[in-house]
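The values are calculated or read from the model by the stated rules, or taken from the named source; none is laboratory data. Model, not experiment: these values are computed from the prediction. Cβ atoms come from the backbone with ideal geometry, glycine included; neighbour counts cover every protein chain shown. We work out accessible area using only protein heavy atoms, side chains counted, and drop any ligands, DNA or RNA first. Shrake-Rupley method; radii C 1.70, N 1.55, O 1.52, S 1.80 Å.
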Amino acid sequence: MGVAIINKVLNNNVVIANHPSYGETVIIGKGIGFNRKKDDEISLVNADKMFVLTGKKEQEDYKKLLPEIDEKHQGAIIEAINHISKRVSGSVNEYIHVGMTDHLLFALNRIENGLSIKNPFLVETSTLYPFEYEIAKEVIEILEIKTGISLPEGEAGFITLHIHSALTNKELVKVNQHSQLVTHLINLIEEQMQIDIDKESIDYVRLVRHLRYTIDRVLRGEKVEEPEILTTLLKDEYPLCYNLAWKLIKIMQQHLKEQVCDAEAIYLTMHLQRLQKKIT
């Protein structure tokens, strides 16, 4: 495992050190910083986790964040992030150590102070990212076991977005915006069609995932083929669904600031028609 030279002790469990191969490194381990000081040599045998924050801003954010956390909360958060890393295949963006730590610390402190934030995007978020949502619920269980603090279900939605951001290397703000966009589109569909969509139904799941994949295709610049015969048929047979599909397309274009190809309206019309069929 080798050794590293301590640059800064953040607390008893976290130090910033110079690693011979990776440069400045964050090293986490039970009691690893206890009674240590700058320039001390530290054995990596006792390290539970070691990671590199390549961006200077990320390094500074993490250094400022850690001294504010009491050891009970910190240990729980470290275990939660390690659990996320073990549950996924492939690598997780190391910025999760900053973003997730900051979010969970804030969430735990809010609950301790009797404050709770409602998550209006929970249903769409859990449907968009079911795998990440499952892990997020496990994170909440870990935090409750370790701290005795029970985070509300809405927090699982926020944690889900952090996990998805770390897995896909997408900026959290973009992931959040896309989740909110899907919620906005669903609300418009319900309003225009004068229905309450069953959020447990397979049609709802298909619609939400279709909207997500449409957003992903648009951002990647991918185009789908437009079947001309189907276009004419749907336009003539289901004009209300077809027109609503185009309203949704225009909203996506405004939010994403990208062109959405015409064929997307056809496939969206089919999803809307399926919903309409259930209520007629």
For Cα pairs less than 8 Å apart in space and 6+ apart in sequence, what is the mean separation divided by the residue count of the chain, i.e. the relative contact order in percent? 12
Distance (nanometres) between label positions extended 7 Å along Cα→Cβ at Ser43 and Ile117: 4.3
Of the chymotrypsin sites (Phe, Trp or Tyr not before Pro) in the stretch 1-107, which ones lie in a loop per DSSP and count no more than 16 other C-beta atoms within 10 Å? Tyr22, Phe34
Longest exposed-site-free window of the chain, the sites being trypsin sites (Lys or Arg not before Pro) in a DSSP loop that have at most 14 other C-beta atoms within 10 Å: 119-198
Among Ala17, Ile195, Val45, the residue whose Cα sits farthest towards the positive end of the charge dipole of the chain (+1 at Cβ of Lys and Arg, -1 at Cβ of Asp and Glu, taken about the Cα centre) is Ala17
Helical mean residue ellipticity (222 nm; -39500 (n - 2.57) per DSSP H run of 4+; nearest 500) of the chain: -20000 deg cm²/dmol
The chain: longest segment with zero exposed GluC sites (Glu not before Pro), where exposed means DSSP loop plus at most 15 other C-beta atoms within 10 Å, is residues 1-170
Out of (i) 1.09; (ii) 0.96; (iii) 1.07, which label holds the value of Rg/Rh (Cα atoms, Kirkwood Rh) that was computed here? (i)
Measuring with a 1.4 Å probe in the full set of protein chains, what accessible area per residue, in whole Å², belongs to the stretch 1-53? 53
Set of lysines near Lys8 by C-alpha distance (under 24 Å), chain-local residues within fewer than 8 positions excluded: Lys30, Lys37, Lys38, Lys49, Lys56, Lys57, Lys63, Lys64, Lys72
Quick check: at a probe of 1.4 Å, how many percent of the accessible area of the chain sits on carbon and sulfur atoms? 49
